[in-house]
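Here's the structure, in structure tokens; my notes come after.
The values are calculated or read from the model by the stated rules, or taken from the named source; none is laboratory data. Here the structure is a predicted model, which is why all the values come from computation and not from measurement. Reconstructed Cβ throughout: ideal geometry from the backbone, glycine too, with neighbour counts over all protein chains shown. Note: areas computed on protein heavy atoms with side chains; ligands, DNA, RNA excluded. Shrake-Rupley method; radii C 1.70, N 1.55, O 1.52, S 1.80 Å.
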Amino acid sequence: MTEKLLHEHTEQTQAKVVVVTSGKGGVGKTTTSAAFASALAVRGYKTVVIDFDVGLRNLDLIMGCERRVVYDLLNVIHGEGSLNQALIKDKRVGNLYILPASQTRDNDALSIEGVGEVIAALRKNFEYIICDSPAGIEKGAMTAMYFADEALVVTNPEISSVRDSDRIIGMLASKTRRAEQNLPPVKEHLIITRYDPLRVTKGDMLSAGDVNEILAIPFLGVVPESKSVLAASNSGIPVTLADEGDAHEAYFDIVDRFLGEDKPFRFMDVPRKGIFSRLFGGR
């Protein structure tokens, strides 16, 4: 990478690059990327979310803009289209944009230098750049996290997911630009998805405290298991822009904590039965 590019990334500190990552697939990274970016935009921040899942490309489906994709991240990197041509403005929130991935190439077409130039250009116009990482520790995931200032480590409350997330935390500490240049480390945050307090009490699932103790990074909150997440995704609507529900509220709590607000943690305990339920044995 050129010295000029490194200098740009060091000097431009206004925008924050946030990678959404985990070791294991299927934990809700793309759902979280879409929900988190949308909530930031609703809170008034100019936000762009980038899909790094080259070859699969699911973010545009969840964001409901798949028919509007003409140019993608790799087109921009390879000079086949401009960044302005590739950015898709969200129809619902005026300060939210999507930069889709390519479906027709593979991760080998990604380059750190090319991604660095795209990030440098986005830093000039956005307050938050959310990088939706593919699963695992292959090139796409490593490239997605390389320029991160902060990281959302997404995990399910099961031991294999937590173990893989621990490995990703090690990568964030050693394989990023900040680690290479001896800058302050990537600021890590923990999000636990598909959380079910009833299963926790039965011993079928790790508690939030267990996960937090194992990973030992700042905790932003849980997202409860909810059918509304799947329904929103299938409708092409980020859950934070869908009708209100537990997952909707949980993601807004998470974003508000990320932004520095002191909010009580919710959705971590089994709901108490009302007096009529207790009297008449209802569920």
Among Leu259, Val118, Ile237, the residue whose Cα sits farthest towards the positive end of the charge dipole of the chain (+1 at Cβ of Lys and Arg, -1 at Cβ of Asp and Glu, taken about the Cα centre) is Ile237
Ignoring ligands and nucleic acids, Glu249 exposes an accessible area, probe 1.4 Å, in Å² to the nearest 10, of 60
Counting only protein heavy atoms and rolling a 1.4 Å probe, one gets per residue an accessible area for the chain in Å² of 47
With DSSP loop assignment and no more than 14 other C-beta atoms within 10 Å, the trypsin sites (Lys or Arg not before Pro) in the stretch 187-236 are Lys202
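How large is the helix-only mean residue ellipticity at 222 nm for the chain, computed as the sum of -39500 (n - 2.57) over DSSP H runs with n ≥ 4, divided by its residue count, in deg cm²/dmol to the nearest 500?
Taking each H run of at least 4 residues, the total per residue is -11000 deg cm²/dmol.
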Taking Lys and Arg as +1 and Asp and Glu as -1, residues besides Lys227 with C-beta under 13 Å from its C-beta add up to -3
Short to long, in 5 Å steps from zero, the percent of alpha-carbon pairs of the chain per bin is 1, 6, 13, 17, 19, 17, 12, 7, 4, 2, 1, 1, 0, 0, 0
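For Asp256 and Glu244, calculate 0.36 nm times their separation in residues minus their Cα-Cα distance, and state this gained length in nm to one decimal.
Working: separation 12, 0.36 × 12 = 4.32 nm, distance 1.61 nm.
Extra length available between Asp256 and Glu244 comes to 2.7 nm.
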Restricting to lysines and to Cα separations under 27 Å from Lys89, and discarding same-chain partners fewer than 8 apart, the set is Lys16, Lys29, Lys46, Lys124
In whole angstrom, the spacing between the Cα centers of the stretch 97-176 and the stretch 49-89 equals 15
Percent antiparallel among DSSP beta bridges confined to the chain, nearest 5, equals 5
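Rounded to the nearest 20 Debye, what is the dipole magnitude of the chain about its Cα centre when Lys and Arg each give +1 and Asp and Glu each give -1 at the C-beta?
660
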For Ala216 and Val70, extending 7 Å from Cα along the Cα-Cβ vector and measuring point to point gives, in nm, a value of 5.2
